[in-house]
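Enquirer: Just dropping this structure here.
The values are calculated or read from the model by the stated rules, or taken from the named source; none is laboratory data. Note that this is a predicted model, so its numbers are computed, not measured. FYI the Cβ positions are ideal-geometry reconstructions off the backbone, even for glycines, and counts take in every protein chain you see. What goes into the accessible areas is simple: the full protein's heavy atoms, side chains included, and nothing from ligands, DNA or RNA. Shrake-Rupley method; radii C 1.70, N 1.55, O 1.52, S 1.80 Å.
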Amino acid sequence: MSLYLWVCYSAVRAAWKSFIEGTFAILSGISPLFIKAYQSNPQQPNDLESNNTVGVASRTSGHVTYTVRPLFQSDLNIVGIGASGQVYEVDKEIVLKSCRIFEQPGSEASDSDRYHYASDTIFHFSLLQDERFILRLLQQFPHPHIVEAIDTDQAEGIFLRRYQPLLEGEIHAQPTRIRWYRDIADALCHLHNLEIAHGDVRIDNVLFDTRGSAILCDFSAASPFGQSNLVISDLPLPVNGPSPNLSEATDMFAMGSLLFQVEHGIQPELSVGRDGGLILPRIHTNHQGIDAVIRNAWLGHYSSTSEMLEDLHSLDAQSGQGINDTQIHSEPIAPLRERIRAWRKRRENNFGCVLDGILSGDQLQVLADCYGLDKDAELRFTAYDIRMHGNKL
């Protein structure tokens, strides 16, 4: 299977500041790389961190060089890899998404290496915790076009139902693509009713079930409405548009870019002019309705995601291939959970653990205390009220 990499960087404590697009990811939208800058401490380096997704990376910041070594697992097939997590094959219907795991520094490691191991490990654990929170919420409020979590309670990661990616070079008819757009917008509408922004709407984060329906995945960048939008200093415009905060509008902006990329085969070149206005590329999909949806999403003309969904429903009906997908999942989940239990037991019998290098909550706290880090500083859902937002559904 192909491995697709993403690069991004600069998130300050408790808020992400940077994130950049890359190429296709296989499952659960293996998400972007992240970098963070911690507050100054005389005992700790105050430089940016960079995590390599494959092999060994040596980075230099100022006069300090440090090394990051990802830890891979014995006897497991990787179906996706990125900086926020690896996805391993359990069987043909189940995958396991773990956080990024790094080799512990040896006795010869520098203080900088040890600090960066601690901060990177804690940071990536927080990404997994936030995604775990979202998927637990979506277990309570499922949707037919959102990835299904089978088991969110295991320390090693999140067990997910397995879907298929869009194969590179695979071409589908425009009516089929319109149905995909409708599916994705329907999933976003459901998420937005919970006042949560996906934060990373891309075709890379769309998978497909056995019926050919689009499934929105990868919630590692999801945040409650109102949190800071991701700003990338090297790009003329944030992936989620010019808004300073995440909202329905930022996901719809990204949705417009997704439609543009799928229809044109290239990513849109968007920028802001000197007068602060958006500079848009020429939209020529050979379908006036799709052109209008893209333009309205970019210019913020939709008052809500449901309004965008209405337009896509209308285009889908006009295509003559409209399908109403009301069934969540036809396959029962109980047998899948039993297979996970048996798989975990085999791993523990054969290797002494399910995944090597996974730290418990207590171990992470000890690591955080040792280096003056806050284990929970990066979490985005600490004040989210499930009951209040769930009642909107």
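Enquirer: Using beta carbons and a limit of 8 Å, which pairs, at least six apart or on different chains, have the first residue in the range 346-374 and among the acidic types (D, E) and the second one surrounded by 13 or more Cβ atoms within 10 Å (Cβ to Cβ)?
Expert: Filtered contacts from the range 346-374: E348/V354; D356/L71; D356/Q73; D356/I101; D374/R13; D374/A368.
Enquirer: Filter the range 100-115 for residues that are assigned to a loop (DSSP other than H, G, I, E, B) and either more than 14 Å from L367 (Cα to Cα) or within 27 Å of the chain's Cα centre (by Cα) (or both) and give the result.
Expert: R100, I101, E103, Q104, G106, S107, E108, A109, S110
Enquirer: Of everything in the range 249-286, what is within 27 Å of C217 (Cα to Cα), open to solvent by 50 Å² or more (accessible area, probe 1.4 Å) and among the acidic types (D, E)? Give them in sequence order.
Expert: Within the range 249-286, E269 is the sole residue that qualifies.
Enquirer: Given the conditions (1) open to solvent by 80 Å² or more (accessible area, probe 1.4 Å); (2) in contact with a Pro (Cβ under 6 Å, 6 or more places away or on another chain), and given that H301 satisfies all but one, which numbered condition is not satisfied?
Expert: For H301, the exception is condition (2).
Enquirer: Give just the number: which of (1) farther than 26 Å from D356 by Cα; (2) free of Cβ contacts under 8 Å to residues at least 40 places away in the same chain does E168 not satisfy?
Expert: If we test E168 against (1) farther than 26 Å from D356 by Cα; (2) free of Cβ contacts under 8 Å to residues at least 40 places away in the same chain, just (2) comes out false.
Enquirer: Can you tell me which residue in the range 310-341 is modelled with the lowest pLDDT, limited to those that are surrounded by 10 or more Cβ atoms within 10 Å (Cβ to Cβ) and among the small types (G, A, S)?
Expert: G322
Enquirer: When you go through (1) open to solvent by 10 Å² or more (accessible area, probe 1.4 Å); (2) out of contact with any Cys (no Cβ under 7 Å at 6 or more places or on another chain) one by one for A149, which number turns out not to apply?
Expert: (1)
Enquirer: Answer yes or no as to whether V68 is open to solvent by less than 30 Å² (accessible area, probe 1.4 Å) and within 16 Å of the chain's Cα centre (by Cα).
Expert: Against the criterion (open to solvent by less than 30 Å² (accessible area, probe 1.4 Å) and within 16 Å of the chain's Cα centre (by Cα)), V68 does not qualify.
Enquirer: Does the range 89-114 hold any residues that are open to solvent by 60 Å² or more (accessible area, probe 1.4 Å) and of a type in the set (A, V, I, L, M), and which are they?
Expert: Of everything in the range 89-114, nothing turns out to be open to solvent by 60 Å² or more (accessible area, probe 1.4 Å) and of a type in the set (A, V, I, L, M).
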